[in-house]
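A quick write-up on the structure given underneath.
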């Protein structure tokens, strides 16, 4: 039976020592899905006390590894005590080359969906969702604020939707002139909204209205040609 007592934080989350932040977040969500109270898979395997200890170990591991300063100090401790060889931390640059090449899997999409549903009931996220749904015109910044409130990385959205990182950044920055054709943009917005579990039709319509307003305003201020 898994207890975590003799495992380091990387082993607890089952990630390599040079894991990226998005991989750590994904592993954290997967672990919660397995060991949280509502999990059918482990319901009969652990007492409530054991489950609480497991979840606390997961939270501590995640809180350390997702914080750059804490992770650096923790890595130094692991190397100083001989628990992890320094070479295991040295391939981060090579892994970064694959940051946007990971393929989404059904399990990845499922765990991210579970995470969003779990977090959607928090006051901050409820407030952001209500604000989005109350707006007739929608900015990319509002979508970005909601995504960041969930703790979702752009690379995670890419892994599931295959929307390029550049396109996602332009949507969030309201760089309307650099966005793809409207037929593609609508699908991108729908996929983005589906991941955040908000009304995709409202998101698409609101964003397109914001884009149309921006174009109209820019057209209205164009200088008249000299006679």
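Each reported figure results from applying straightforward, stated rules to the coordinates on display, with no laboratory input. Because the structure is predicted, anything quoted here is derived from the model rather than measured. Cβ placement follows ideal geometry from the backbone for every residue including glycine, while neighbour counts extend to all protein chains displayed.
What FRET efficiency, computed as 1/(1 + (r/R0)^6) with R0 = 35 Å and r the Cβ-Cβ distance, is obtained for residue 79 and residue 148, rounded to the nearest 0.05?
It comes out at approximately 0.65.
Relative contact order of segment 108-220, please, whole-number percent, based on alpha carbon pairs below 8 angstrom and at least 6 residues apart.
After rounding, I find 31 percent.
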